[in-house]
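Note sheet for the following structure.
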Amino acid sequence: MHDAAEGIRTKQLTSMSRKSVGRLPDTQKKRVSEMASMPGLDFLWGRFDTNAFGVDLAGNYDHRGLFPEIARINHDCRPSCYTRYSSRLLTMEAIAYRDIKQGEELSIAYTPLNLQTEDRQDIIQRWGFNCTCQLCSDPALSASSDRNRQRIAGIITEANGPQSREREVLARLSEEMKELVEAEELESLAGTYVSGVDHPRVEKARSVIGKLKASIKGRKE
Ligand SMILES: [Zn+2]
């Protein structure tokens with residue numbers, strides 16, 4: 001819906017993106033202009049809106065940053081890398097969390113990874129495409145993956161509940177989470193995944209997974 005407030009906001013964002021890009025050196029300006037954009041948007045704002053990541057500045061996630069190299073990495077629902085942002089250096093890195101074969105394309109996730117196929121596709125369509133990764137292209141594989149990811153989301157909810165204060169409950173949840181994360185090749189969930197989508201939930205998932213990981217570590221020692 002395009003109401004007056006939305007129109008003003010779009011105008012402001014368009015003007016801000018022009019100003020920001022206008023201050024960049026020519027080589028950087030060229031890299032921005034070469035980025036992909038969703039159709040129907042202003043030339044610069046379109047590139048910004050399509051490629052920018054949500055970033056944290058002094059604990060406030062209401063900021064966005066453009067990282068041309070990272071933005072070129074395609075999405076996969078079982079990515080080989082996760083992104084790590086440094087609020088101190090204002091940099092974004094792609095970190096591999098498994099071995100990557102020579103010549104294999106790097107991938108990151110544009111969506112929170114504990115979502116099921118349909119919900120991931122809904123978010124992905126924001127970028128104007130349907131995900132055709134190996135997982136999404138195989139109905140049997142995506143059905144079993146959906147069950148696992150639904151359970152991962154359930155564990156995150158349970159781990160945030162009052163019962164998770166009991167050590168045995170947390171230990172059981174940790175063990176189950178560890179198995180599901182391994183089965184789904186979602187080790188990147190334990191990384192510092194931050195996207196423009198739903199920061200508080202991603203942050204919450206991250207802290208719960210940190211807690212679960214700490215618990216698993218504690219049990220092994
Ligand atoms: Zn996919």
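The values are calculated or read from the model by the stated rules, or taken from the named source; none is laboratory data. Everything quoted here is computed from the prediction, not taken from an experiment. Positions of Cβ are generated from backbone atoms using ideal geometry, with glycine treated the same way; all protein chains shown enter the neighbour counts.
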**Message:** Looking only at the range 146-175, how many residues end up being of a type in the set (D, E, K, R) and outside any helix (DSSP H, G or I)?
**Reply:** 1
**Request:** Give the range 88-111 a look and list any residue that's in contact with a helix residue (DSSP H, G or I) (Cβ under 8 Å, 6 or more places away or on another chain), away from the ligand (no atom under 13 Å from the Cβ) and touching a residue at least 40 places away in the same chain (Cβ under 8 Å), or say none.
**Result:** Y97, R98
**Item:** Residue within the range 75-95 that is surrounded by 15 or more Cβ atoms within 10 Å (Cβ to Cβ) and either touching a Gly at 6+ places or on another chain (Cβ under 6 Å) or outside the structural domain of T132 (by TED's automatic domain parsing) (or both) present
**Value:** yes
**Prompt:** What do you reckon, is S142 crowded, with 16+ Cβ neighbours inside 10 Å, closer than 22 Å to A36 by Cβ and touching a residue at least 12 places away in the same chain (Cβ under 8 Å)?
**Reply:** no
